[in-house]
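**Student:** Quick one: the structure is below, and I'll ask about it shortly.
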Amino acid sequence: MSAIIIRSYRPSDLPDLKAIFLDAVHRGCAKDYTPKQLHAWAPKTLDTAPWGKRLEKSRCWLAEKDGIPVGFTELTDPGHLHMLFVLSDYHRQSIASALLAELENTATQQGIETLTTEASRTARPFFERSGFEVICAQSVTKQDVTLQNFAMAKDLYLA
């Protein structure tokens, strides 16, 4: 197996993040959400300019395997895991775990005691295996379409 390389995000990575996000949502989450929900969550015409501005202020990492961008994650203040997505063809290859480990190490070094996230139905089992607990189920509206996700948290000092 080839190594997974985790590196800091660069602005030139933004098109790769968009491609990973769209694939992860439309292919990876297709069994848990309707096509209408997937399109509302991740429109194919997604404008990534707001992402670029936010990523300038947060911490973001990109995972590469064999030189191919395959996943990314983002840590915003204070201790919020805003996004973690992996190309669907690379699921179950420890990429999400490697990204989460990098994010958790950084959070711990910054003195963050608790991580929070909103996990999709698809991602919830991964986060539970990684020590996160469900706080509550949530209904989120995107483009007038309702989706369910889960507010989750992990205490880094008990992990």
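The values are calculated or read from the model by the stated rules, or taken from the named source; none is laboratory data. Model, not experiment: these values are computed from the prediction. Cβ placement follows ideal geometry from the backbone for every residue including glycine, while neighbour counts extend to all protein chains displayed. Just so you know, the surface numbers come from the protein's heavy atoms only, side chains and all, with ligands and any DNA or RNA stripped out. Shrake-Rupley method; radii C 1.70, N 1.55, O 1.52, S 1.80 Å.
**Student:** Quick one: in the range 80-99, which of the residues that are among the polar types (S, T, N, Q) and under 15 Å from Ser2 (Cα atoms) is most open to solvent (accessible area, probe 1.4 Å)?
**Tutor:** Keep residues of the range 80-99 that are among the polar types (S, T, N, Q), which gives 88, 93-94, 97.
Narrowing the set further to residues that are under 15 Å from Ser2 (Cα atoms) leaves 93-94.
Working: Gln93: 53, Ser94: 74 Å².
Selected residue: Ser94.
**Student:** A further question on this structure: Within the range 110-140, can you find the residues that are part of a strand (DSSP E or B) and open to solvent by less than 90 Å² (accessible area, probe 1.4 Å)?
**Tutor:** Scanning the range 110-140 gives Thr114, Leu115, Thr116, Thr117, Glu118, Ala119, Ser120, Val134, Cys136, Ala137, Gln138, Val140.
**Student:** Can you run down the residue pairs with Cβ atoms below 9 Å, 6 or more apart or on separate chains, where the first is in the range 125-137 and of a type in the set (Asp, Glu) and the partner is modelled with pLDDT of 95 or more and open to solvent by less than 60 Å² (accessible area, probe 1.4 Å)?
**Tutor:** Cβ pairs passing all conditions: Glu128/Ala119; Glu128/Val134; Glu128/Met152; Glu133/Phe127; Glu133/Met152; Glu133/Ala153; Glu133/Lys154.
**Student:** Six or more apart or on different chains, Cβ under 8 Å: which pairs go from a residue in the range 73-93 that's over 15 Å from Thr117 (Cβ atoms) and in contact (Cβ under 8 Å) with a residue 24 or more places away in the chain to one that's assigned to a strand (DSSP E or B) and open to solvent by 10 Å² or more (accessible area, probe 1.4 Å)? Could you list them?
**Tutor:** Here the result reads Tyr90/Lys65; Gln93/Ile4; Gln93/Lys65, each pair linking the range 73-93 to a residue that is assigned to a strand (DSSP E or B) and open to solvent by 10 Å² or more (accessible area, probe 1.4 Å).
**Student:** Could you grab me the full set of residues in the range 1-25 that are within 15 Å of the chain's Cα centre (by Cα) and farther than 21 Å from Cys60 by Cβ?
**Tutor:** Result: no residue meets the conditions.
**Student:** With respect to Ser12, is the statement that it is among the hydroxyl-bearing types (Ser, Thr, Tyr), assigned to a loop (DSSP other than H, G, I, E, B) and either touching a helix residue (DSSP H, G or I) at 6+ places or on another chain (Cβ under 9 Å) or more than 22 Å from Gln143 (Cβ to Cβ) (or both) true? Break it down into steps so the answer makes sense when it comes.
**Tutor:** Working: among the hydroxyl-bearing types (Ser, Thr, Tyr): yes; assigned to a loop (DSSP other than H, G, I, E, B): no; either touching a helix residue (DSSP H, G or I) at 6+ places or on another chain (Cβ under 9 Å) or more than 22 Å from Gln143 (Cβ to Cβ) (or both): yes.
Answer is no for this residue.
**Student:** Shifting gears a bit: Being more than 11 Å from the chain's Cα centre (by Cα) and open to solvent by less than 50 Å² (accessible area, probe 1.4 Å) is the filter here, so list the residues in the range 56-79 that pass it.
**Tutor:** Ser58, Ala63, Glu64, Lys65, Pro69, Val70, Thr76, Gly79
**Student:** In addition: Of the residues Gln143, Gln138, only one is touching a helix residue (DSSP H, G or I) at 6+ places or on another chain (Cβ under 7 Å) and within 23 Å of Arg54 (Cβ to Cβ); which?
**Tutor:** Sole residue among the options that is touching a helix residue (DSSP H, G or I) at 6+ places or on another chain (Cβ under 7 Å) and within 23 Å of Arg54 (Cβ to Cβ): Gln143.
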